[in-house]
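Working notes for the structure below.
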């Protein structure tokens, strides 16, 4: 049976001690989607949102957020990040922005939270920059696509998960 690693024997929150774990190369990829609607989508595609370049600003926000993950998530370790990339793609089929993030480290603990944080903050930045046009924008489907390395091994998202 799996136990919760961030809970002590009395049920109190704790930060996991990773001192004895080996440093290994670890990667993580995350995904999220921001449904804009046709009007906002067209403004973003034409780079005509009054706050500026939505996609570039959201990319930078996502990268910056990954680097601050341990400040945002209380029990998250502060780890060295060797790479973070955030890609935002316009999807005209459903008037959305699809966000893909990738993070890499050589560390004693995983980098999933950094990838998920990058995607989440990039999505929130898209919302923030576009909310003046339409507040009904939806952020959806933020999830881990894959992870590699570490004791728990590799993971690949399946829609059956």
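Tally the residues that are surrounded by 21 or more Cβ atoms within 10 Å (Cβ to Cβ) and free of Cβ contacts under 8 Å to residues at least 60 places away in the same chain, restricting the search to the stretch 78-100.
Matching residues across the stretch 78-100 total 4.
Can you name the number of the only condition in (1) more than 12 Å from the chain's Cα centre (by Cα); (2) within 30 Å of residue 8 (Cα to Cα); (3) in a helix (DSSP H, G or I) that residue 81 fails?
Unmet for residue 81, out of (1) more than 12 Å from the chain's Cα centre (by Cα); (2) within 30 Å of residue 8 (Cα to Cα); (3) in a helix (DSSP H, G or I): (3).
If you go through the stretch 64-74, how many residues are within 20 Å of residue 97 (Cβ to Cβ) and surrounded by fewer than 18 Cβ atoms within 10 Å (Cβ to Cβ)?
1
Among the residues of the stretch 140-157, write down those that are surrounded by 19 or more Cβ atoms within 10 Å (Cβ to Cβ) and either under 18 Å from residue 44 (Cα atoms) or out of contact with any helix residue (DSSP H, G or I) (no Cβ under 8 Å at 6 or more places or on another chain) (or both).
149, 150
Is there a residue being buried (at least 18 other Cβ atoms within 10 Å of the Cβ) and at pLDDT 95 or above anywhere in the stretch 45-53?
yes
The values are calculated or read from the model by the stated rules, or taken from the named source; none is laboratory data. This one's a predicted model, so the numbers in the text were calculated from it and none came from an experiment. Cβ: placed from backbone, ideal geometry, glycine included. Neighbour counts: every protein chain shown.
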